Amino acid sequence: MTSRARILEADKRHVFRPFTPVEDHASEDSLVVVSGEGPYLVDADGSRYFDASGAWWCNHLGFQHPRIVAALRDQAAHLCHAALAGATHESAALLAEELVKVAPAGLDRVFYTDNGSTAVEVAAKLAFQYWQQNGRPERRIFLTLSGGYHGDTVGAMSLGGVESFHRVFSPLMFEVRRAPDVMELGSFEAVIGWMLDVLAKEGDRIAGVVIEPMVQAAAGMRFYDAGLLRALREATHRSDTFLILDEVFTGFGRTGPMWAADHAGISPDLLCTAKGLSAGALPFGAVLVSERVYHGFGGGPGRAFLHGHTFCGNPLGARVALEVLATYRDESVLARGAENAAHLRAAMARFERIDGVRNPRAFGSIAAFEVGPSGYFGRLGWAVEREARKHGVALRPLGNTVYVVPPLITSTPDLDFLLAGVEAAVRSVLLEADLGGKPA
Ligand SMILES: *Cc1c(COP(=O)(O)O)cnc(C)c1O
């Protein structure tokens with residue numbers, strides 16, 4: 001087996017890491033993962049870490065779930081890939097049928113992509129082209145939130161609004177109508193109120209409202225109420241424009257029910273999914289749309305949606321996603337997620353009593369708090385990350401926002417291990433910051 005040192009040497013010399021400052025890559029004592037077991041990563045040196053960011057928010061069933069691995073093996077034995085244009089295959093066809101069954105009502109068609117960003121690109125392109133060729137070409141602008149995160153491709157960035165990630169690319173982006181940030185307006189009520197106002201006044205120019213439902217994740221795990229989502233649905237109906245929900249993070253039970261839209265009892269016109277869709281095993285994504293949207297592309301070859309990724313509907317990904325849905329049914333994954341959600345809520349109530357912990361909160365299988373002023377470049381969160389390693393927990397804070405998104409089927413002892421590790425790390429970092437007398 002290749003040694004740990006050898007892997008790190010090749011990595012440091014040749015890998016260009018995502019979301020990683022060059023100096024940190026050079027200096028950091030990185031994990032070298034050789035395997036995964038349930039919620040844990042195993043390092044080449046034999047140590048185990050609870051992966052609190054869930055392989056970047058997608059590991060809903062734990063690493064190497066036996067059913068997922070078996071499904072992957074089985075599919076790989078007869079078909080790894082085939083194009084989905086001019087042909088179809090069992091996994092993509094049956095998955096579409098199963099996805100429609102669990103989707104919010106009225107979403108009957110599935111367009112496959114290969115990740116979350118491209119799902120968002122596809123949703124935006126579908127909405128735009130729909131209006132261009134269905135009698136409302138003046139509907140050209142998307143209405144979005146500040147702090148939204150929809151992925152890192154140019155279209156997804158245009159719709160997003162995380163300043164620290166996206167500012168440098170602003171000359172490349174298309175124009176959107178972006179509500180002022182919640183920090184500026186003071187509440188999500190005011191932010192959504194601003195959007196309702198735009199819809200009332202200029203709704204006939206809006207191609208669609210694009211939002212992360214219930215949770216602005218990358219902005220720092222900011223939660224908002226179901227009533228606001230419902231109000232947006234009603235307003236988009238009134239203006240006859242599309243509601244496009246980015247459920248890439250929130251889908252597959254991350255917030256409790258299958259979709260965050262279920263909290264509000266609504267159905268969007270287009271819904272983007274990825275991450276939990278393939279339970280963190282493979283890159284895979286999809287956009288679910290209504291029949292109305294689908295039929296807007298009928299009427300001749302010139303009206304077709306001329307967009308497709310090489311790996312659209314990839315058989316391995318589709319087979320895994322089918323197995324994910326079957327596992328959710330057979331193993332009552334959402335019910336187990338609900339038990340963990342209660343446990344996380346109780347833990348965050350306890351964290352209220354730790355001096356220096358700000359706004360501890362939990363929603364579904366997401367728990368978060370701040371250890372200093374929010375913002376992606378805060379360094380105290382990273383001090384907590386370093387300290388947590390000593391307790392067997394791998395975190396990936398958003399600046400000073402520390403969060404955990406454990407697999408939905410994490411056992412109670414494992415969840416307690418995670419929470420105890422985070423608490424110990426936070427206490428020692430905040431104590432040090434306090435003794436230093438100077439908050440970072
Ligand atoms: C992660 C994420 C994306 C992007 O998905 P990728 O698979 O990383 O391209 C889009 N939207 C939301 C809400 C996300 O959390």
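The values are calculated or read from the model by the stated rules, or taken from the named source; none is laboratory data. Since this is a predicted model, take the numbers as computed values, not measurements. Every residue, glycine among them, receives a Cβ derived from its backbone with ideal geometry; neighbour counts consider all protein chains shown.
Residue-by-condition table, conditions (1) buried (at least 17 other Cβ atoms within 10 Å of the Cβ); (2) touching a residue at least 12 places away in the same chain (Cβ under 8 Å); (3) of a type in the set (A, V, I, L, M):
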{"residue": "ALA26", "(1), (2), (3)": "no, yes, yes"}
{"residue": "VAL42", "(1), (2), (3)": "yes, no, yes"}
{"residue": "SER47", "(1), (2), (3)": "no, yes, no"}
{"residue": "TRP56", "(1), (2), (3)": "no, yes, no"}
{"residue": "GLN64", "(1), (2), (3)": "no, yes, no"}
{"residue": "ARG73", "(1), (2), (3)": "no, no, no"}
{"residue": "LEU94", "(1), (2), (3)": "no, yes, yes"}
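Note on the range 36-117: enclosed helices (runs of 4 or more DSSP H) holding 3 or more residues that are within 28 Å of ALA156 (Cα to Cα) and not aromatic (Phe, Trp, Tyr) are 90-102.
Residues of the range 139-186 that are away from the ligand (no atom under 13 Å from the Cβ), part of a loop (DSSP other than H, G, I, E, B) and either farther than 21 Å from PHE223 by Cβ or over 18 Å from the mean Cα position of the chain (by Cα) (or both): ARG139, ARG140, MET173, PHE174, GLU175, ALA179, PRO180, ASP181, GLY186. The residue list GLU189, GLU121 contains one member that is touching a residue at least 12 places away in the same chain (Cβ under 8 Å), away from the ligand (no atom under 16 Å from the Cβ) and either touching a helix residue (DSSP H, G or I) at 6+ places or on another chain (Cβ under 9 Å) or assigned to a loop (DSSP other than H, G, I, E, B) (or both), which is GLU189.
The single residue among VAL426, VAL404 that is within 24 Å of the chain's Cα centre (by Cα), buried (at least 19 other Cβ atoms within 10 Å of the Cβ) and of a type in the set (Val, Ile, Thr) turns out to be VAL404. Of the candidates GLY220, GLY227, GLY256, the single residue that is part of a loop (DSSP other than H, G, I, E, B), away from the ligand (no atom under 16 Å from the Cβ) and over 22 Å from THR118 (Cα atoms) is GLY256.
Among the listed residues VAL198, VAL182, VAL122, VAL162, identify the single one that is at pLDDT below 95, crowded, with 16+ Cβ neighbours inside 10 Å and aliphatic (A, V, I, L, M). Testing whether each residue is at pLDDT below 95, crowded, with 16+ Cβ neighbours inside 10 Å and aliphatic (A, V, I, L, M) leaves just VAL162. Among residues of the range 283-313 being in contact with a Phe, Trp or Tyr (Cβ under 7 Å, 6 or more places away or on another chain) and in a loop (DSSP other than H, G, I, E, B), the one that is surrounded by the fewest Cβ atoms within 10 Å (Cβ to Cβ) is ALA304. Given the residues ASP246, ASP204, ASP240, which is the only one that is touching a Ser or Thr at 6+ places or on another chain (Cβ under 8 Å), within 22 Å of TYR130 (Cα to Cα) and among the charged types (D, E, K, R)? After ruling out the rest, the residue left standing is ASP204. Pairs meeting the criteria (first residue in the range 273-292 and farther than 22 Å from PHE242 by Cβ and touching a residue at least 60 places away in the same chain (Cβ under 8 Å), second residue more than 10 Å from the ligand (Cβ to nearest atom) and part of a loop (DSSP other than H, G, I, E, B), beta carbons under 6 Å, at least 6 apart or on different chains) are GLY276/HIS60; GLY276/PHE252; ALA279/HIS60; ALA279/LEU61; GLY280/ASN59. For ASP51, the conditions (1) closer than 22 Å to ARG386 by Cα; (2) surrounded by fewer than 22 Cβ atoms within 10 Å (Cβ to Cβ); (3) of a type outside the set (Lys, Arg) all hold with the exception of (2).
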